[in-house]
Structure formats: structure tokens, C-alpha cells
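Chemist: Sharing a structure with you now.
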Amino acid sequence: PAGTFSMGSANGFSDEQPVHEVTITKPYYLGVYEVTNAQRMQMMGEVPSRWKDEDLPIESVTWEEAVAFCQALSALPAERRAGRVYRLPTEAEWEYACRAGTTTAYSFGDEESLLGDFAWFDDNSGRQTHPVGQKRPNGWGLYDMHGNVWEWCSDWHGDSAAGAARDPVGPASGTSRVLPGGSWNDTAVYCRSADRSRHDPSYRHDYACLRPALSPSGSGA
């Protein structure tokens, strides 16, 4: 749903500060799960992932390839007839959905000891990805928002906004795209809702994935 939330963290890394008010003015859809290898194979005819089981999230995809997946999905005849245009979420949309109405470090609270119930991270992953949807979802029914694989957003990485913002889309240019969420390879601090990792758009690694967004109007961003 549309709404307003506090983006960032006063207790996190410097690029998460200052905490500022963000308003999402329109409702939007976000994938319940990270895109899987099976979905990538169906759409693109190949799987770049290190681990290739069908129900694992895709990884080793660049930002450009994540955008291309959304474009290919949007180009399917049924999607075009319905006027649906898929895209990467903005960083603000991603954090808003991850928080699911919370103001705590994680969508389930501040207790790091509970992270294993919601996420695959370095303490419990066995150094690899895991099938999507095995851990508990957040309050809005989204799985693996913490851990398993990082998820590309549409934004260039930049300084946290100094004041209130409406539907922010990030800087007009930059050198790195935002990758929130943490992964199987990361400690708990990088799996927080406000964490803002980033990489070059051509970066490829076995912990980078995507989760498409969709505006109900069908208009892509």
C-alpha cells in the first residue's frame, strides 16, 4: 500500500543517515519471492547461477541483466495485453516493503538472535543459497527480504536524503547501483532493513539477484 515511513538508520552505517521521512504515494506490487533459476530459464533460456537447482534464487546476474529480465517479462504477449510493465524497485520501495510497517533493525524487531528464523546468512547458510520461501516471511508476506541473496534496485547509490521525500528515485547519475538485503555470505548487520550495499552495474557475483516490482497502473519507472 501507499504510505509514509522513516528510511535509513541512526544506528547503522554513515550512508544510512540521516534518517528521513519518505512517502510512497502509489501502491505497487513486489515479488513474494526472489526470482528463481527456473523462472530465469523460462524467460531467458539460460542460468548464470553458481548453484542451479530450479527453486534456488538466481545469482551471478549483473544489474543490466536484472533490468533485461524485467524487460523480457514485460514483453510477454499476455503481459503486454494486460498493460503490465515490470521493473526493478526503487531503493525506497524496497526498504518500505522490507520494513512492512516496522521501524526496527529488521522486519521482525531488533533481536539479531531471531534472524535465523527469517534469513539465510553466514551463520546458517552453509556457504550457499537456499530455495526461496523456506524461512518466515515479513509482515507483508514477502520472503527472504533479509539474507539469501542481495537484490538489485533501480537507484544509483548516493548520500541519504537530508529531508522528507516523495517517491524518491535516487541520484540522476553515479557509479554504483544499490543492492540491499544481505546474503548467504554476510553477517547479520548487512541483512538489516536499512543496509545499503552497492556495486557497479556490471558487477557479477554469486550473491546478487532481483525481485521485480510492478505498478498497478502498468506504467514502468
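Chemist: Given the structure, is GLY158 in a loop (DSSP other than H, G, I, E, B), more than 21 Å from PRO48 (Cβ to Cβ), free of Cβ contacts under 8 Å to residues at least 60 places away in the same chain and open to solvent by less than 50 Å² (accessible area, probe 1.4 Å)?
Modeler: Numbers: in a loop (DSSP other than H, G, I, E, B): yes; more than 21 Å from PRO48 (Cβ to Cβ): yes; free of Cβ contacts under 8 Å to residues at least 60 places away in the same chain: yes; open to solvent by less than 50 Å² (accessible area, probe 1.4 Å): yes.
Against the criterion (in a loop (DSSP other than H, G, I, E, B), more than 21 Å from PRO48 (Cβ to Cβ), free of Cβ contacts under 8 Å to residues at least 60 places away in the same chain and open to solvent by less than 50 Å² (accessible area, probe 1.4 Å)), GLY158 qualifies.
Chemist: Something else about it: When you scan the range 175-186, how many residues do you find that are under 25 Å from TRP140 (Cβ atoms) and in a loop (DSSP other than H, G, I, E, B)?
Modeler: Filtering the range 175-186 for residues under 25 Å from TRP140 (Cβ atoms) gives 177-184, 186.
In the following step, the residues that additionally are in a loop (DSSP other than H, G, I, E, B) were identified as 180-184, 186.
So the answer is 6.
Chemist: Within the range 1-24, how many residues are open to solvent by less than 50 Å² (accessible area, probe 1.4 Å) and of a type in the set (S, T, N, Q)?
Modeler: The total comes to 2.
Chemist: While we're here: Just a yes or no: is a residue in the range 172-186 open to solvent by 30 Å² or more (accessible area, probe 1.4 Å), out of contact with any Pro (no Cβ under 6 Å at 6 or more places or on another chain), of a type in the set (Val, Ile, Thr) and in contact (Cβ under 8 Å) with a residue 60 or more places away in the chain?
Modeler: no
Residue-wise test of (1) out of contact with any helix residue (DSSP H, G or I) (no Cβ under 7 Å at 6 or more places or on another chain); (2) of a type in the set (Val, Ile, Thr).
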residue	(1), (2)
ARG127	yes, no
VAL132	yes, yes
TYR143	yes, no
ALA188	no, no
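Chemist: Restricting to the range 13-37, name every residue that is more than 30 Å from GLN134 (Cβ to Cβ) and touching a residue at least 12 places away in the same chain (Cβ under 8 Å). Steps first, please.
Modeler: Going residue by residue through the range 13-37, those that are more than 30 Å from GLN134 (Cβ to Cβ) are 14-15, 17-23, 25-26.
Listed by number, the residues that qualify are ASP15, GLN17, PRO18, VAL19, HIS20, GLU21, VAL22, THR23, THR25, LYS26.
Chemist: Pairs only if they're at least six apart or on different chains, beta carbon under 7 angstrom, first in the range 38-64 and within 18 Å of TRP152 (Cα to Cα), second assigned to a helix (DSSP H, G or I) and open to solvent by 40 Å² or more (accessible area, probe 1.4 Å); list them, first residue then second.
Modeler: Short answer, once both residue conditions are applied: VAL47/MET41.
Chemist: In addition: For the range 110-155: of the residues being within 22 Å of ASP53 (Cα to Cα) and among the hydroxyl-bearing types (Ser, Thr, Tyr), which is farthest from the chain's Cα centre (by Cα)?
Modeler: Top of the filtered list is SER125.
Chemist: Among the numbered criteria (1) surrounded by 16 or more Cβ atoms within 10 Å (Cβ to Cβ); (2) touching a Gly at 6+ places or on another chain (Cβ under 8 Å), which one does LEU214 miss?
Modeler: (2)
Chemist: Let me ask something else about it. Filter the range 187-203 down to the residues that are under 18 Å from ALA105 (Cα atoms), in a loop (DSSP other than H, G, I, E, B) and either of a type in the set (D, E, K, R) or open to solvent by less than 40 Å² (accessible area, probe 1.4 Å) (or both) and list them by number.
Modeler: We begin by selecting, within the range 187-203, every residue under 18 Å from ALA105 (Cα atoms); these are 187-197.
Right, trim to in a loop (DSSP other than H, G, I, E, B) and you get 187, 192-196.
Listed by number, the residues that qualify are ARG192, SER193, ALA194, ASP195, ARG196.
Quick grid of which residues meet (1) of a type in the set (A, V, I, L, M, F, W, C); (2) under 23 Å from ALA2 (Cβ atoms); (3) at pLDDT 95 or above:
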| position | (1), (2), (3) |
| --- | --- |
| GLY133 | no, no, yes |
| ASP167 | no, yes, yes |
| GLY182 | no, no, yes |
| VAL189 | yes, no, yes |
| CYS209 | yes, no, yes |
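The values are calculated or read from the model by the stated rules, or taken from the named source; none is laboratory data. As the structure is a prediction and not an experimental result, all values here were calculated from the model. Note that we place each Cβ from the backbone using ideal geometry, even for glycine, and neighbour counts take in every protein chain shown. All accessible areas refer to the heavy atoms of the entire protein, side chains included, with ligands and DNA or RNA removed. Shrake-Rupley method; radii C 1.70, N 1.55, O 1.52, S 1.80 Å.
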